[in-house]
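Down below is the structure, laid out as structure tokens.
The values are calculated or read from the model by the stated rules, or taken from the named source; none is laboratory data. Only a predicted model underlies this, so the values are computations on that prediction, with no experimental measurement involved. Every residue, glycine as well, gets a Cβ built from its backbone with ideal geometry; the counts of neighbours run over all protein chains shown.
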Amino acid sequence: MAHDIQMAKEDKIKVLICEDEIIVSMDIMFMMEDLGYDVVGQCASVRDGLKILENEQPDAAILDVRVKDGEVFPLARELEKRGTQIIFHSGHALEDQISASFPEAAFCPKPTNGRQLGNCLMELLAKNADENAERSH
Amino acid sequence: MSDLVDDEDRRLCIVGIGASAGGLEAIREMLSSANPETNLAYVVIQHLDPNHESLLAELLGRQTALTAQQVSGGEKVEAGKVYIIPPGHGLSMHEGVLELTEFAQPRGLRRPIDDFFESLALDQGRYAACVILSGTGADGSSGLRAIKEHGGLCIAQTPETARYDGMPNAAKATRMVDFVRRPDQIVDTITQFYAHKSLAQGDPVLSRTVAECISDICDQLFKVVGHDFTDYKPSTLVRRIERRIQVLDLNDGNEYLERLKTDREECETLFRELLINVTRFFRDCEHFEVLKEKVIEPLVRDNDGEEIRVWVPGCSSGEEAYSIAMLFSEQVRLQKKTISIQIFATDIDEQMLKIARQGLYPISALADIPEEMRELYTIAREGKFQVDSRIRDMIRFSLHSVVRDPPLSNIDLISCRNLLIYFAEKLQSSALPIFHYAIRPGGTLFLGPSETIGRFESAFATLDQSARLFRRKDGDSDYPLHLRGKRNTSYENRDSSREEVASTRVTWQRGLAADRILQAYAPATVHVTAAGKILGSTGRLSKYLALEPGSESAQHIQTLARPGLREAVSALIRRGPESGKRVITRDLSARSEFGQQQLDLIAEGLSDGTTLLIFQDRDKFEAIDDADIEELNPSDSHVQSLEEDLRSTRARLHITVEELETANEELKSSNEEMMSMNEELQSTNEELATVNDELKSKVDQLSVANADLHNFFSSTALPLVVVDSNLHIRNYTEAVLEIYPFRRGDRGRPLNEVSSILLENGEIIQATTDVINGGEARTLHVRDMTGGTTWSLLVTPYRGSDESIDGATLVFTNLTQELRLEQALAEEGDRLRLALEVTELGVWEFVPSTQTLRLDDTSKALLGLPEKSPGDLPIEDAVKSLDKEHQKVLLDAFANATQKDELDVTVTLQEADGQSRELRLFGRADGSRRVFRVLGVISDVTAQNESARIRELMLREMNHRVKNMFSIISGMLRLVGRSATTVREVVEGVETRVSALARSHNLSQQQSGAPVSLSDVIEATLSPYAGEDRYDMKGPNVTVDSGDLSPLSLILHEWATNAAKYGVLGPIEGILHVSWEAPGNGKLEILWNESYSDEFEHGEQKAGFGSMLVQIAADQLDGSVSVDASPNGRIMRLTYGA
């Protein structure tokens, strides 16, 4: 299982969490850390998220759709540009709408547990890794 | 030319119809086939009882297509109408206008038919026709002569078809009737006659051919009838010949000439037609008055025993001759003289002379004779009258032509009236010398009003110009030899054709020689009546008769006969030999004072019942000397005395008989009058019988109508009362009894005396009175006493047959049910209206057949149409406020509605201010009415749709939040589970934090949308842990953003639970000071100061889950948290905000 793999801090996959609900944000952080990911940033708004990106280059991001200062999509666009894998984690039934805008992104509806979110992240990473491999061939 | 003919064709022709008893039937039969579209007008002259209103016009009007009207005077006669004489008046015509005339004569002598025909003839000439129908008497017979004379048409009903044939027969007897027809043929005959093209005045062919043939026609006529018309006025001849051609329906003069040559009868007819002239007793009576004064009176006065000789040439049917005879007779009577007067009346028409000799005239002509003479000189005979024999005996009628035959001589007066007018100039100028020859010097010539002596002023001097009286001047005149023997050759031709007509040419016609022979050489002859009265004599009679002047019986031959003859004479006269038989008594001896004469006495019966006695001498007269005077035999004397007795007895008998005759005549004349009244009554009776028949059928109809009405009144559910003008009850229906409890005897009672169940009795009476007075129908509502029932009362005027108001009709209609319905309907309507108002619904109605949309005000406003636009709009106009796309949507919806029976469409109306409005139209097809339509409502659904959208949004949000909540709780559980060691810890940790979140949620929902104050948040956080005495709060009024509420609450919660577990809210004595300040720039600084009462040393505290939560929450708030612990207390500081 992927979360059993122990890696050095430098090798760990870096994750950004953007979630305006403290409890949920903390929960996800703990889940990610439990799964061996490095949570490089926690934010409750697009503004804070973008501020984090000034210093960090996350591999993946778990984004609530609605955050403190509106919808998360400007942050998502920036992440997409950087090649960050995105999981939208939301109570909104917006999967169709989001997958139309962000075809590469995954969607994980609230409420969720660590296994679901972890599987989702792993599948996403694996898929993109395959694609990258195919491209390098 | 053809126009002229057409105009002539359309020329109005007026048909006079004369009828009396039995006439109604005949008139109806005649006019039932008449067509109103012709140029004929009819005037009916009926003998009517002046005391009865006539229904003739009404009765005829139903039988004929023509318009029938009774004349009231002044009517201009128009084609296609029937004009009917009113009772008690005569009619005359002047320039096509009917005028009423008053009768100058007493009942029984009136002759309205003659009077009208004469005025009709004068006024209309050849465009006049007369028809004589059933009736007794002879009215019309002289009128038809006038019609005929002026060229009109005469028709008589076939006597066999007439109920009373007196009038048709009298008309026929004049031999002037053109047609004798059954009543139903008469109109056709008239139509045909007037349709003949010769009627057109200017028909040139006819006039020319007749003019060409006229001399041939005269020749032919002369050959057959022996009279030469060559020198008669051609205009008259042509007119009358044309008329015959018209009657016979021939084409021109040549055809007619052919007809004449083969048809002897037609020659006679034409001959008679040519001679028609109007004559009547005392025609132009004022002229006769002058004649009496200036001529007859002097003649009689100055007479010294000589015979007065009068000649009436062209006497026609003799009225003129009789008139003159009466005048003379009257003068002789008045002047008490005995004068022998001989009147010679001559004419060329033997038919007319026959009429004249009889002296029988229609009773109607009696009116022309002055009243004083009527009694004396006329005798009534069976609807006619006869001129008295004394007058008749004065006149000799004979066949003689003025211009052809030798004239009379030594005449005192010639009356030749209206004869010369028919003569042409040439003939006139030969006639006047003849008169000059005939009249003795100083004698008089009496001419007609339009005749003159022309250029013979040397022969005649004017005696009275206006009366046309002329005195013959002295001077010899030549015997008009030029006439004698002229064209005399074929005379026997006609005589032979007329053998059956017994001519009574009198001897004097042979001239002077004959007279002389009679006087001197022929046997003495006496002409006597059947009674022995002497009518005339020739020869010397003194040997046979003895003259006894002054004796009443002097005129009887039995008295005058000499002894010896008397018995034989009496015997012969008593035997009265039959006509043509001769009886002879031989060897008689007439003894006179001077001698004795042997003779035979021959008696010959004549056709008129008189007897000629001829004394034929057998021997020479034996004179006797005085000495020889024979003694009269006693037997002779006995016979003589017996005869004397007989004579006186006879005289008495005669007087008695005469008295009886007078009485009889009076009775007869009364009878005449009664007859004519009877006839009038008969006419009236016929009318009444017809009216009666009609009334019978009307009564039947009325009974049926009455029964209908009765049934209606008893069966109808309509409460109805009829009152008369005094408000008395006249009739009512059974149904009204529930309102007015009428009883049987209440008909005729005043309405206001009858009780009713109504409240408004006074108003009803008032309204009814108003209606009767004003004539306007009125409606009012009335209630019964309980108020439970309401009626609508309609009061209408009751109009009689003459449209005058004769009461009123009260009709009640029970309105209770209707009023309830009306009220319910009004309430329903109000509810509906209110509903529409509240819901702001508009109602519309679409009619597919006309493609129109009916909109109410709300609909118009919703569709953006001006308020004043009409309610019914073409569908295109109704949707014009919409943009093109929505117009199409709506129009399609309407188009489909007829098929789908339903319509539900929402369109958006873009308004001028940029706002848009959503309109929903919902409707359903309705085929229940005559016109198929779609009915529906329109409403503004903008707000409704908006709220639906919001609800949708909220739902989604709620869904999101619930899911969020689940995430929070599951996250919370996991977080607590990380650090807790016991289940109790997990439960407590989760429970308290969930409670904190719930409280902060409560705060955010408490005042919906309103910002939450910081003090409330703190108080809410602390309340589960401490009473108010355990803490205090201080700080400005600051609000918390809803986004910050949740992290802030968690931070405060962590601090509070910590204080409860380890601080001043728990085991340590002290107080909590919470204070905050807002230093600016949106920053907020909260100071959580736990002040211990006693010093207390904290142990080392590890950074647990709680402090991590506080740290992350502070991050979320973009804030920072610091903790400063000392033995005196612990101070936590939170600073956040932009």
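Listing for the model above:
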| item | result |
| --- | --- |
| Residue, nearest to the other protein chains (Cβ to nearest Cβ), within region A:35-45, restricted to residues that are free of Cβ contacts under 8 Å to residues at least 40 places away in the same chain and more than 13 Å from the chain's Cα centre (by Cα) | A:ALA44 |
| Leading residue by the ranking (farthest from the other protein chains (Cβ to nearest Cβ)) among those in region B:1013-1039 that are of a type in the set (D, E, K, R) and assigned to a helix (DSSP H, G or I) | B:ASP1029 |
| Where B:ARG239 falls short, out of the listed (1) assigned to a helix (DSSP H, G or I); (2) crowded, with 17+ Cβ neighbours inside 10 Å; (3) among the basic types (Lys, Arg); (4) modelled with pLDDT under 80 | (2) |
| Odd one out for A:LYS127, checked against (1) within 14 Å of chain B (Cβ to nearest Cβ); (2) more than 14 Å from the chain's Cα centre (by Cα) | (1) |
| Any hit, region B:896-912, residues being without any contact (Cβ under 8 Å) to a residue 12 or more places away in the chain, among the aliphatic types (A, V, I, L, M) and more than 30 Å from A:LEU94 (Cα to Cα) | yes |
| Filtered residue count, region A:59-75, keeping only those that are at pLDDT below 90, buried (at least 23 other Cβ atoms within 10 Å of the Cβ) and farther than 24 Å from B:SER970 by Cβ | 0 |
| Residue selected from region B:947-979 under the condition more than 8 Å from chain A (Cβ to nearest Cβ) and closer than 15 Å to A:ASP64 by Cβ, by the criterion surrounded by the fewest Cβ atoms within 10 Å (Cβ to Cβ) | B:GLU957 |
| Residue within region A:46-62 that is more than 10 Å from every other protein chain (Cβ to nearest Cβ), over 25 Å from A:GLU95 (Cα atoms), in contact with a helix residue (DSSP H, G or I) (Cβ under 7 Å, 6 or more places away or on another chain) and part of a loop (DSSP other than H, G, I, E, B) present | no |
| Test: B:LYS261 is of a type in the set (Lys, Arg), part of a helix (DSSP H, G or I), more than 50 Å from the chain's Cα centre (by Cα) and outside the structural domain of B:SER316 (by TED's automatic domain parsing) | yes |
| Only one of B:VAL1017, B:VAL987, B:VAL976 that is outside the structural domain of B:GLY1129 (by TED's automatic domain parsing) and modelled with pLDDT of 85 or more | B:VAL987 |
| Members of region A:87-110 that are assigned to a loop (DSSP other than H, G, I, E, B), within 11 Å of another protein chain (Cβ to nearest Cβ) and surrounded by fewer than 17 Cβ atoms within 10 Å (Cβ to Cβ) | A:ALA93 |
| Check on B:GLY989, within 14 Å of chain A (Cβ to nearest Cβ), buried (at least 16 other Cβ atoms within 10 Å of the Cβ) and closer than 30 Å to B:TYR1031 by Cα | yes |
| Condition broken by A:GLU21, with the remaining ones in (1) more than 20 Å from B:MET1108 (Cβ to Cβ); (2) within 11 Å of chain B (Cβ to nearest Cβ); (3) buried (at least 16 other Cβ atoms within 10 Å of the Cβ) satisfied | (1) |
| Some residue of region A:26-34 being more than 9 Å from chain B (Cβ to nearest Cβ), over 11 Å from the mean Cα position of the chain (by Cα) and surrounded by fewer than 21 Cβ atoms within 10 Å (Cβ to Cβ) | yes |
| Flag if B:ALA663 is under 32 Å from the mean Cα position of the chain (by Cα), without any contact (Cβ under 8 Å) to a residue 60 or more places away in the chain and more than 30 Å from B:SER592 (Cα to Cα) | no |
| Sole residue being assigned by TED's automatic domain parsing to the domain that holds B:LEU1014, closer than 27 Å to A:GLY49 by Cα, at pLDDT 80 or above and among the charged types (D, E, K, R), chosen from B:LYS1061, B:LYS1083 | B:LYS1083 |
| Residue in region B:732-747 that is among the hydroxyl-bearing types (Ser, Thr, Tyr), in contact with a strand residue (DSSP E or B) (Cβ under 6 Å, 6 or more places away or on another chain) and closer than 25 Å to B:LEU815 by Cβ present | yes |
| 2 or more residues surrounded by 15 or more Cβ atoms within 10 Å (Cβ to Cβ) and touching a Ser or Thr at 6+ places or on another chain (Cβ under 6 Å): qualifying strands (runs of 3 or more DSSP E) within region B:684-801 | B:720-723, B:790-799 |
| Residue count for region B:1040-1079, restricted to those that are part of a strand (DSSP E or B), farther than 20 Å from B:GLU1097 by Cβ and touching a helix residue (DSSP H, G or I) at 6+ places or on another chain (Cβ under 7 Å) | 3 |
| Conditions (1) surrounded by fewer than 16 Cβ atoms within 10 Å (Cβ to Cβ); (2) under 16 Å from B:ASN964 (Cα atoms); (3) more than 12 Å from every other protein chain (Cβ to nearest Cβ): number failed by A:ASN113 | (3) |
| Those residues of region B:92-126 which are of a type in the set (Val, Ile, Thr) and closer than 25 Å to B:ALA21 by Cβ, in sequence order | B:THR101, B:ILE113 |
| One residue from B:THR525, B:THR462 being within 30 Å of B:ARG652 (Cα to Cα) and modelled with pLDDT of 65 or more | B:THR525 |
| Scan of region B:802-842 for residues that are assigned to a strand (DSSP E or B) and within 56 Å of the chain's Cα centre (by Cα), ordered by number | B:ILE805, B:ASP806, B:GLY807, B:ALA808, B:THR809, B:LEU810, B:VAL811, B:PHE812, B:THR813, B:ASN814 |
| Criterion violated by B:GLN331 - all others in (1) out of contact with any Lys or Arg (no Cβ under 9 Å at 6 or more places or on another chain); (2) over 22 Å from B:ASN418 (Cα atoms) satisfied | (1) |
| Scan of region B:394-422 for residues that are part of a helix (DSSP H, G or I), of a type outside the set (Phe, Trp, Tyr) and surrounded by 18 or more Cβ atoms within 10 Å (Cβ to Cβ), ordered by number | B:MET394, B:LEU420 |
| Qualifying residue in region B:1118-1126 (condition: within 26 Å of A:SER45 (Cα to Cα) and loosely packed, with under 12 Cβ neighbours inside 10 Å) | yes |
| Per-region count, region A:24-39, residues in contact with a helix residue (DSSP H, G or I) (Cβ under 7 Å, 6 or more places away or on another chain) and closer than 21 Å to A:ASN128 by Cα | 3 |
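Okay, residues lined up against (1) at pLDDT 85 or above; (2) under 23 Å from B:GLN70 (Cβ atoms); (3) among the hydroxyl-bearing types (Ser, Thr, Tyr):
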{"site": "B:TYR83", "(1), (2), (3)": "yes, yes, yes"}
{"site": "B:THR101", "(1), (2), (3)": "yes, yes, yes"}
{"site": "B:ARG110", "(1), (2), (3)": "no, yes, no"}
{"site": "B:ASN169", "(1), (2), (3)": "yes, no, no"}
{"site": "B:THR174", "(1), (2), (3)": "no, no, yes"}
{"site": "B:ASP184", "(1), (2), (3)": "yes, no, no"}
